[in-house]
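This report concerns only the one structure given below.
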Amino acid sequence: MLLTDTHCHLDDRQFDADRSAVVERAFAAGVRRLLTVGYDIPSSHRSVKLAAFIPGVFAAVGVHPHDAAGAPPDYLQVLRKLADEHRVVAIGEIGLDFYRDLSPRALQREVFTRQLGLARELKLPVVIHCRESMGEVYDILSRNGTVLSGVMHCFSGNWEEAEQFLAMGFYVSIAGPVTFSKSGSLTEVAEKVPLDRLLLETDAPYLAPAPYRGRKNEPAYLVYTARRVAEIRGLSLAEVAAATSANAVRLFKCS
Ligand SMILES: [Zn+2]
Ligand SMILES: [Zn+2]
């Protein structure tokens, strides 16, 4: 079995003490391909370095909406350079977050749109972070037409919303909350997303699935999310692993 964690933050400070053990545990659990995702310029640099040194690790580089206000003036040039490095497979995470509003919305929109332009220019897929901003993210992405491919990471919308992004050609990624007892509409999304558009992720060190809810998450725990998705869809764990890993390779060319 080969599972692919399409979204984690392996560079996070919380992994400083045990990073190589975390990777070993992931591999032992069958999670043998990981995409570590940048959220600002320093974390994008760190992610690129991890991808260069750890087999099975790939990187995405980008500025998260929370960090839009702190982006240096030359962030686009820096990202363009980083995207050229070995095993960098996507621009992300990028998007809009109107839940926490840590950067002014106008600035979030500007930084998001510019990075979409960069992804288009470099022909790279995008990793989209979207919180309380579904309608606007949809409008912005649809203005970029079919030239962009990507994933709605840690999807938290309902099935109707998922369908809109699927219609644009996007993938939908399911994270740990699908294992919670009150997972609500996420269960329906995990059941209905076409098997060739479904991705899995941990978003580690955040969002640990049951039975580790509230604790530090790590890529090895992807197995719990995969098992729950398999159960919801009436498939075996091996079938879900194979399909979602094939999807990750198709989208990110990470093989
Ligand atoms: Zn995110
Ligand atoms: Zn993330």
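The values are calculated or read from the model by the stated rules, or taken from the named source; none is laboratory data. All values derive from a computational prediction rather than experimental measurement. FYI the Cβ positions are ideal-geometry reconstructions off the backbone, even for glycines, and counts take in every protein chain you see. Remember, those area values only see protein heavy atoms, side chains included, never the ligands or the DNA or RNA. Shrake-Rupley method; radii C 1.70, N 1.55, O 1.52, S 1.80 Å.
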| message | What pairs come out if I take residues in the range 57-80 that are open to solvent by 40 Å² or more (accessible area, probe 1.4 Å) and pair them with residues that are aromatic (F, W, Y) whose C-beta lies under 7 Å away, six or more apart or interchain? | response | D67/Y39
| query | Among the residues of the range 189-210, which ones are of a type in the set (S, T, Y) and open to solvent by less than 80 Å² (accessible area, probe 1.4 Å)? | reply | T202
| request: Kindly indicate whether L235 is at pLDDT 95 or above and either open to solvent by 10 Å² or more (accessible area, probe 1.4 Å) or touching a Lys or Arg at 6+ places or on another chain (Cβ under 9 Å) (or both). | output: yes
| query | Any idea which of S103, S142 is of a type in the set (G, A, S), farther than 30 Å from P55 by Cβ, surrounded by 14 or more Cβ atoms within 10 Å (Cβ to Cβ) and at pLDDT 95 or above? | reply | S103
| field | R213 among the basic types (K, R), closer than 19 Å to L251 by Cα and either away from ligand 1 (no atom under 16 Å from the Cβ) or open to solvent by 60 Å² or more (accessible area, probe 1.4 Å) (or both) | value | no
| task | Could you list, in sequence order, all residues of the range 176-230 that are out of contact with any helix residue (DSSP H, G or I) (no Cβ under 8 Å at 6 or more places or on another chain) and in a helix (DSSP H, G or I)? | result | none
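Residue-by-condition table, conditions (1) within 16 Å of ligand 2 (Cβ to nearest atom); (2) not small (G, A, S):
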site	(1), (2)
D18	no, yes
R25	no, yes
T36	yes, yes
S43	yes, no
S47	yes, no
P55	no, yes
| Can you name every residue in the range 87-110 that is touching a Lys or Arg at 6+ places or on another chain (Cβ under 8 Å), charged (D, E, K, R) and not in a loop (DSSP other than H, G, I, E, B)? | D97
| Single match in D67, D11, D84 (criterion: in a loop (DSSP other than H, G, I, E, B) and either touching a Phe, Trp or Tyr at 6+ places or on another chain (Cβ under 7 Å) or away from ligand 1 (no atom under 16 Å from the Cβ) (or both)) | D84
